[in-house]
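The values are calculated or read from the model by the stated rules, or taken from the named source; none is laboratory data. What you see is a predicted model; the values in this text were computed from it and never measured. Positions of Cβ are generated from backbone atoms using ideal geometry, with glycine treated the same way; all protein chains shown enter the neighbour counts.
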Amino acid sequence: MNFKDPARFARLAGAAGLLFVLGACASLAGRPAPPDYAGSMAVAQTYAEAGQMDAAVAALEQAAALEPARKEPWLLIAQLRAGQGRHVDALAAAEQVLRRDPADRAAYDITIASGLQVAQRTLERLRGSAQAPDDARRGQAQLIAALMAEVFGPELLVSEEFKTQLARDAINRYRAARVKRLPDARKPEPKGDPLDLLGGD
């Protein structure tokens, strides 16, 4: 700053004084200063430590709006929502992280864990529904089942209870077929000299 120009210095000093007065008036009026990213993140941490998760998420969303390119607020939102069991919200936040950093492992893990939770809840609703799934849903289910078999192995799609039932059914079928191949126990066994059966004298 050039202090050798008295007129210019006077103008700058006047402007600075005006800004100071306006700031003081705003503080006296009870209006807080505009939030910044670091302040919003600190507020979010305070709320989270106090167990006020919704307020913490609101502060994190404010931080995300102030710094749209940053992934950290979204990652914290995803972690908080997953901890609350709000897996749809956790998925949405984790996707925001992956848009900014596709290699983020923590967000990737949240999408997997929360995605499976959402799928489980959906299947439980379908199982408890009186309405049978239509062809479109059945086709989607077959696609998902094929992907799960490819990723986790086909044995994952069969529960231990169902495996036991299949084994029991197979044993019962084997026993039934074996009984059919055995001689009929109701037929009387031939009696007398075995040579008589051969037609000899």
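Observations on the structure shown:
- Residue 91 being surrounded by 14 or more Cβ atoms within 10 Å (Cβ to Cβ) and touching a Gly at 6+ places or on another chain (Cβ under 8 Å): yes
- Every listed requirement among (1) surrounded by 10 or more Cβ atoms within 10 Å (Cβ to Cβ); (2) modelled with pLDDT of 75 or more; (3) of a type outside the set (A, V, I, L, M, F, W, C) is met by residue 163 save one, (2).
- Filter result (polar (S, T, N, Q) and within 16 Å of residue 56 (Cβ to Cβ)) within the range 74-128: 79, 84
- For residue 178, the conditions (1) modelled with pLDDT under 70; (2) exposed (fewer than 10 other Cβ atoms within 10 Å of the Cβ) all hold with the exception of (1).
- Test: residue in the range 138-153 that is of a type in the set (D, E, K, R), in a helix (DSSP H, G or I), at pLDDT 75 or above and out of contact with any helix residue (DSSP H, G or I) (no Cβ under 7 Å at 6 or more places or on another chain): yes
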